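Below is one structure, written out as C-alpha cells, with a few remarks after it.
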Amino acid sequence: GENVEQHPSTLSVQEGDSAVIKCTYSDSASNYFPWYKQELGKGPQLIIDIRSNVGEKKDQRIAVTLNKTAKHFSLHITETQPEDSAVYFCAASKGDYKLSFGAGTTVTVRA
Amino acid sequence: SQTIHQWPATLVQPVGSPLSLECTVEGTSNPNLYWYRQAAGRGLQLLFYSVGIGQISSEVPQNLSASRPQDRQFILSSKKLLLSDSGFYLCAWSEDRVAGYTFGSGTRLTVV
C-alpha cells in the first residue's frame with residue numbers, strides 16, 4: 001500500500017515566523033494530497049488540499065506545494081500565530097477511497 | 001450542508017464489556033464512511049471503511065467489527081473489550097473515491 005512519511009515530528013516556531021512540514025509518498029499513482037489540522041481533543045479538520053495536476057495552492061497564510069517527480073509535498077504556514085499550534089497530518093490518495101496519513105507533526109507557536 | 005454526528009464523546013468501559021459507537025451523516029446520500037483509531041500521541045489507523053450499505057472493508061484484524069445498517073449510519077462494535085482497545089475513535093465521511101474526509105468530533109474510549 002501507499003506509504004507516507006512526514007517530517008519533522010515536532011516543530012517549534014516563534015510567532016510571526018514561517019513553518020514548513022514535508023511529506024513524501026511512495027506510490028506514483030497517488031493523485032490527491034490533503035492536509036489536516038487537529039486541535040487537542042478534536043477530530044482532524046481539512047485545511048487545504050492539492051491534486052496532482054497542480055503544483056502549488058494558496059489559501060491566505062497557508063500554501064501547499066507538490067513535486068510529482070520527487071514524490072513529495074509540503075505545507076507552508078506564514079506569519080504563524082498562537083492559534084496555529086496543533087498537530088498537522090499530511091495524506092495521500094490514489095483513488096481507492098482511502099487516504100494514507102503521515103504520522104503527524106506537532107507544531108508549537110511561541111509567543 | 002453536510003454534518004457528521006458521532007457519539008458518545010467519552011466512554012469508560014470495563015474489560016470484557018461490549019461496545020457500540022454510532023456515527024451518522026446528514027445532508028448527503030451514499031457517503032463513503034470510515035472508522036479510525038488514534039492512540040495517545042500517535043497517528044491515524046484506519047479500522048474499517050464502507051462505500052455502500054452492507055459493504056464493509058476491514059483494514060486491520062481487530063477485536064472490533066463494523067456495520068452499516070442504513071445509508072448514512074456507521075456503527076463500530078465489540079463483543080468483549082480489551083485494554084488495548086482504549087483510544088480516540090474517529091468517524092469520517094467522503095463523497096468520492098478521491099476526496100478529503102470530514103471527521104466527526106471523536107469518542108474517547110478508556111477501557112479499565
Item checked: Pair list, Cβ < 7 Å and 6+ apart or interchain, from segment B:1-24 residues that are within 14 Å of chain A (Cβ to nearest Cβ) to residues that are crowded, with 16+ Cβ neighbours inside 10 Å and not in a strand (DSSP E or B) -> B:2/B:28; B:4/B:104; B:5/B:104; B:6/B:104; B:6/B:106; B:23/B:104
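Here is a yes/no grid of residues against (1) of a type in the set (Lys, Arg); (2) modelled with pLDDT of 95 or more; (3) within 13 Å of the chain's Cα centre (by Cα):
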position: A:29; (1), (2), (3): no, no, no
position: A:34; (1), (2), (3): no, yes, yes
position: A:37; (1), (2), (3): yes, yes, yes
position: A:40; (1), (2), (3): no, no, no
position: A:46; (1), (2), (3): no, yes, yes
position: A:54; (1), (2), (3): no, no, no
position: A:58; (1), (2), (3): yes, yes, yes
position: A:64; (1), (2), (3): no, yes, yes
position: A:67; (1), (2), (3): no, yes, no
Next item on the list: Kindly provide the set of residues from segment B:87-99 that are facing chain A (nearest Cβ under 7 Å) and surrounded by 22 or more Cβ atoms within 10 Å (Cβ to Cβ), ordered by number.
Entry: B:90
Next item on the list: Sort out which residues of segment B:57-86 are open to solvent by less than 10 Å² (accessible area, probe 1.4 Å) and among the hydrophobic types (A, V, I, L, M, F, W, C), and write them in order of number.
Entry: B:74, B:76, B:81
Next item on the list: Mind listing whichever residues of segment A:51-95 are within 14 Å of another protein chain (Cβ to nearest Cβ) and in contact with a Lys or Arg (Cβ under 7 Å, 6 or more places away or on another chain)?
Entry: A:52, A:64, A:86, A:88, A:95
Note to self: If a residue must be away from chain B (no Cβ under 12 Å), open to solvent by 30 Å² or more (accessible area, probe 1.4 Å) and assigned to a strand (DSSP E or B), how many such residues does segment A:1-50 contain?
What the structure shows: 7
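The values are calculated or read from the model by the stated rules, or taken from the named source; none is laboratory data. Source: prediction; values computed, not measured. Using ideal geometry, Cβ is built from the backbone for each residue, glycine included, and neighbour counts are taken over all protein chains shown. With ligands, DNA and RNA removed, areas are computed over all heavy atoms of the protein, side chains included. Shrake-Rupley method; radii C 1.70, N 1.55, O 1.52, S 1.80 Å.
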